[in-house]
Amino acid sequence: MNVQLRNKFITVFVIVWLAIFYYESTCVYYLQPLFKRELPRMKFLFPPAGWIMFYNIGDNFGYAEVYGVKDGNPQLIDPHQILQTRAIGYDNINRNALVSVLSPGMDQSFCPYLQRRFPYFDKFLVTDVEYPRLTEAPFERQQAVVYTCGGESS
């Protein structure tokens, strides 16, 4: 395919997609009251609340860290080694997928996975890292062990 033709196609697609997205995002609260009638809706993969999904963002942030322990020395394991992703351009770590291992009961499946994936370590510490007040105290960091895998305590 010709590069110029491809670029034009991408440009047209992005413009149409943005137009439909803005229409869907503003239809219920702005356009329908403006035209005083119900407008047709388009069923695409848009968030049902439109831009509101970006509005209420909390002041805290958290993620999981996993440490492998060998001879009593904890070592942080790179999350990219725990959740390897084969797809290009998709990063589970940036999407905070590892935080799901903090859910109650996840140790039953995650601990055997860690022991199988990293047999070098004697045990593992799964920790919850929290930044409770990012705007007021951006460097305040709280970390606690949620559960331990392997060793004497499993």
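The values are calculated or read from the model by the stated rules, or taken from the named source; none is laboratory data. Source: prediction; values computed, not measured. Because the Cβ atoms are built from the backbone with ideal geometry, glycine has one as well, and the counts that use them run over all protein chains shown. The protein model used for the area step is the full one, side chains on, heavy atoms only, and it has no ligands, DNA or RNA in it. Shrake-Rupley method; radii C 1.70, N 1.55, O 1.52, S 1.80 Å.
Considering only residues of region 57-80 that are outside any strand (DSSP E or B) and open to solvent by less than 80 Å² (accessible area, probe 1.4 Å), which is modelled with the lowest pLDDT?
First, the residues of region 57-80 that are outside any strand (DSSP E or B): 57-60, 71-72, 77-80.
Next cut, open to solvent by less than 80 Å² (accessible area, probe 1.4 Å) only: 58-59, 72, 77-79.
Values: Gly58: 78, Asp59: 86, Gly72: 93, Ile77: 95, Asp78: 90, Pro79: 89.
Restricting to residues being outside any strand (DSSP E or B) and open to solvent by less than 80 Å² (accessible area, probe 1.4 Å), the top hit is Gly58.
Which condition breaks for Arg41 when tested against (1) part of a helix (DSSP H, G or I); (2) modelled with pLDDT under 90; (3) surrounded by 11 or more Cβ atoms within 10 Å (Cβ to Cβ)?
(1)
Test Phe54 against the stated conditions and say whether it is in contact with a helix residue (DSSP H, G or I) (Cβ under 6 Å, 6 or more places away or on another chain) and either modelled with pLDDT of 90 or more or more than 19 Å from Tyr131 (Cβ to Cβ) (or both).
On the way: in contact with a helix residue (DSSP H, G or I) (Cβ under 6 Å, 6 or more places away or on another chain): no; either modelled with pLDDT of 90 or more or more than 19 Å from Tyr131 (Cβ to Cβ) (or both): yes.
When the stated conditions are applied, Phe54 does not pass them.
Regarding region 120-133, can at least one residue be identified that is more than 24 Å from Gly72 (Cβ to Cβ) and open to solvent by 60 Å² or more (accessible area, probe 1.4 Å)?
There is at least one residue in region 120-133 that is more than 24 Å from Gly72 (Cβ to Cβ) and open to solvent by 60 Å² or more (accessible area, probe 1.4 Å).
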